[in-house]
Structures are given as structure tokens and as C-alpha cells.
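Any read-out appearing in this document is the output of simple, stated calculations on the displayed coordinates, not a laboratory observation. None of the values given here were measured: they were computed from a predicted structure. Virtual Cβ from ideal backbone geometry, glycine too; neighbours counted across all protein chains shown.
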Amino acid sequence: MHAVGETEWIIAKASELGFDLCGIASVEGLTDAAHLEEWLARGYAGRMQYMHDPRRADIMQVLPDARAIIVCALNYNTSTPASIEAAAQAAGQVLRGWISRYAWGEDYHAILGKKLEQLVAAMRAHFIGPWHARTYVDTGPISERLAAQQAGLGWQAKNTCFINEKLGSWLFLGVILTSLDLTPSNAPFGVPATDLCGNCQLCLEACPTGALVEPYLMDARRCISYLTIELREGIPEELRTPMGWNVFGCDICQDVCPWNRKAPVTLAPSLQPRQNLLAPELGWLLSLKEGEFSQIFAGSPVRRAKWRGLIRNACIAAGNLAGKYAIDTPERLQLQKRLSELAVSSDPLIAEHAAWALSRFEASG
Ligand code: SF4
Ligand code: SF4
């Protein structure tokens with residue numbers, strides 16, 4: 001076992017590299033196989049096949065000599081309104097959609113991945129001898145949230161996000177799994193951080209699709225983030241109206257969380273909203289051609305939805321807002337014209353969602 005000093009050295013180095021939080025946990029207790037198994041058995045993972053990766057239930061299959069995990073967090077909160085406030089401000093104005101806060105800036109996989117590699121490089125110079133490390137940002141068969149909790153950095157909340165008492169939940173998490181035998185940062189007691197949700201239920205009450213089926217349990221198939229980003233096919237009809245104006249992800253269960261009310265903001269230029277991405281106009285989104293999409297969203301998390309996914313989502317948002325805007329305005333007519341073009345698209349997914357949106361316009365006109 002290395003001295004506690006080594007753990008402090010890593011945490012200080014992570015801070016130097018710009019991470020807002022860093023903690024270390026032992027690999028024991030890093031998987032919750034029973035919970036995962038039940039979640040999968042209920043079908044809550046939807047089409048996310050990667051959630052069935054058997055390594056998720058046994059971290060030693062990822063790195064057989066793993067002894068510790070280093071968890072690093074980066075705050076991505078910016079001084080911009082929450083989606084629920086912005087929705088109220090945008091009402092009656094130009095038809096807009098909402099892109100989730102985490103996707104406004106540069107792709108966090110690249111930002112965090114680079115910083116984690118820098119941390120490993122610094123550790124290689126410091127910890128002499130053969131040892132292994134694997135870095136993951138949301139891509140490996142590891143629950144970063146559970147690791148962060150085990151490291152004493154915060155808790156997995158009723159909205160299933162990870163929350164830190166001082167920073168809230170607008171946090172990107174990345175991990176380094178290592179064969180180094182490091183002292184956990186919450187030593188000597190080694191207990192995970194306390195759950196501070198208490199009696200609060202705000203996120204469960206605010207979720208528009210009922211995806212939070214009970215505290216700490218999400219049916220991803222109903223979550224707007226899953227529907228708008230992961231699902232490649234048609235969005236179930238009964239979930240389209242509750243999706244509201246969300247075109248990529250959803251922030252609602254974090255917007256309402258009291259722990260985010262005083263969350264500090266980051267000034268990192270790479271995490272500030274890119275032009276056009278803060279509540280983008282639906283007319284603009286729907287007008288994008290596939291090539292333009294690739295160009296505009298190069299290096300952005302929004303790429304994950306792909307062009308047809310984003311157009312599908314924008315059709316739904318437009319349909320949902322149809323009734324809220326005055327009839328016969330040039331903007332509304334323009335949007336209807338574009339939806340009519342998309343309704344005869346050779347892509348049946350786009351054609352069907354555009355036709356659905358048009359029917360909402362007709363019903364409200
Ligand atoms: S992200 Fe939105 S849809 Fe998903 S659980 Fe939270 S509030 Fe519900
Ligand atoms: S809104 Fe309340 S219950 Fe939900 S995560 Fe935040 S503190 Fe926990």
C-alpha cells in the first residue's frame with residue numbers, strides 16, 4: 001500500500017490540470033452487479049446493447065490486476081439560464097429547441113480524455129516501476145458515478161445523476177483504473193459519501209415522461225436523453241408530446257435540483273455554448289442538410305444523434321410548439337413549408353415525424 005501522501009499527490013496534480021474534483025477508491029465495491037442485473041432484466045436499458053457488456057458486472061475483467069480507481073470531475077455549468085427558465089422566456093417568440101447543457105461546448109470525451117492522459121503521464125514520471133492504467137470517459141464498462149461515490153466525492157441521486165455537495169451535478173466524470181495500490185481518498189473509514197437527497201422528490205415530480213420510475217431508478221426507454229440521442233428509430237407516439245422542445249438530451253431533472261441552485265460556473269472557453277447551440281431556432285435546425293450538420297457539429301457531442309436523429313427530434317419539438325404560436329406569421333408558415341418538404345423525404349423516419357408535426361400544426365391552425 002502506498003502512503004496517503006501518494007493519494008494527495010495525485011489529487012493535487014489533477015487540480016493543477018484543471019479538474020474540479022479528484023478522488024480515489026479501491027476497486028472493491030465498484031460494481032453493483034445485482035442492481036445492474038435487475039435493471040437489465042426489466043428492459044430499462046432499451047436498445048443500449050453496450051449496457052449488457054459482462055465486464056460491467058466485474059471490473060477485474062477490464063483490468064485483471066486493477067487495485068484502485070482515480071475519479072476526476074470537470075464542472076461544465078455555465079452562467080446561462082436553466083432549460084425550464086429559458087422555455088418560459090422563449091414562449092411566444094421564435095420557435096426554438098433545447099440542446100442539453102453538456103452538449104453546448106466541445107466534446108467532453110476529448111477534453112477529459114486529454115486531461116486524464118496528462119495525469120497518467122505525470123504519474124508515470126512519479127511512480128517508477130511497471131504498473132498499468134486504463135482511462136475512460138463515459139465509454140468503458142465502468143460506472144463512473146458509482147466510482148465517484150465510492151471515492152467519497154458525492155452521491156448517486158434520486159435522478160440517477162452524481163451530485164457533489166458544493167458543485168452540484170453539472171459534472172463530467174472520467175476515471176483511471178490502475179494496478180497501483182493507492183490509499184482511498186476517503187480513508188481511513190472508506191465509506192462512500194452520504195446521500196443528501198433526503199425527502200426531496202423534485203426531480204421525480206418534474207420528469208415529463210415518467211422515466212424516473214422510482215427514486216434512483218430510471219427506465220431509460222422513457223428518458224428524453226435516450227430517446228433523442230441513443231434511439232435510432234421512431235419515437236413512441238405517447239412520448240412525443242412530453243418531450244416538449246427538447247431536441248438533444250434533457251436537463252429538467254437537474255434544472256430542478258436544489259443542489260444545482262448555487263452551482264459554480266466554469267469560465268473554460270471550450271465549455272461555453274457554441275454559437276447557435278443555446279436554444280437553437282427550429283427553423284434553422286430543420287433547414288440543415290446532412291453535410292452542413294457534419295460541418296457545424298464537428299467536435300460537438302451533438303454529432304452522436306446524427307443528422308436524421310436531430311431532424312426527427314426537431315420535427316417533434318416543432319409539432320409540440322405548434323399550438324403556442326400565432327397563426328399566419330411568416331415564421332410559422334416557413335416552418336410548415338419546410339415540414340411539408342420533409343414529409344415527402346425518402347427517409348421514412350424523417351417523413352413520418354415531419355407528417356406528425358404537420359398534423360399538429362393543422363390541428364392548431
Ligand atoms: S433527463 Fe429528462 S426525461 Fe430523463 S429522467 Fe431527467 S427529466 Fe426525465
Ligand atoms: S431534485 Fe431532490 S431528489 Fe432529485 S436529485 Fe436533486 S435533491 Fe435528489
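A Cβ-based charge dipole, computed about the Cα centre of segment 96-210 with Lys and Arg at +1 and Asp and Glu at -1, lands at about 160 debye. Overall form of segment 16-159: oblate. Here a/c, set by the Cα gyration tensor axes a ≥ b ≥ c, is 1.5 or more, and a/b is not larger than b/c. The simple spin-label model puts a point 7 Å past each Cα toward its Cβ; for LYS262 and GLN334 those points are separated by 4.4 nm. When the alpha-carbon atoms of the chain are used, the pair Rg, Dmax equals 21.9, 72 angstrom. Lysine pair count for the chain (Cα-Cα distance under 16 Å; residues 8 or more apart in sequence or on different chains): 5. Candidates ALA87, GLN156, HIS109 compared by Cα position along the dipole of segment 69-221: farthest toward the positive end lies HIS109, with charges placed on Cβ. Dipole size of the chain about its Cα centre, with +1 on Lys/Arg Cβ and -1 on Asp/Glu Cβ: approximately 660 debye, rounded to the nearest 20. Note on GLN201/ALA34: beta-carbon distance plugged into 1/(1 + (r/R0)^6) with R0 of 30 Å gives a FRET efficiency of 0.75. Eigenvalues of the alpha-carbon gyration tensor of segment 101-202, scaled by 5 and square-rooted, set the equivalent ellipsoid semi-axes at 26, 19, 10 angstrom, largest first. Counting only Cβ charges, +1 for Lys and Arg and -1 for Asp and Glu, the dipole size of segment 204-314 around its Cα centre is about 360 debye.
Summing charges over neighbours of LYS13, with a neighbour being any other residue whose Cβ is under 11 Å away from its Cβ, gives -2 when K and R count +1 and D and E count -1.
By definition, a body whose alpha carbon gyration tensor gives a ≥ b ≥ c is oblate when a/c is 1.5 or more and a/b is not larger than b/c, and segment 252-339 fits this oblate description.
When all alpha carbon pairs of segment 168-268 are counted in 10 Å bins from zero, the resulting P(r) reads 12, 33, 30, 20, 5, 0 %. Straightening the chain between PHE127 and ALA110 buys 3.6 nm, computed as 0.36 nm per residue apart minus the Cα-Cα spacing.
What is the distance in Å between the Cα centres of segment 1-51 and segment 183-260? A separation of 19 Å, based on Cα centres.
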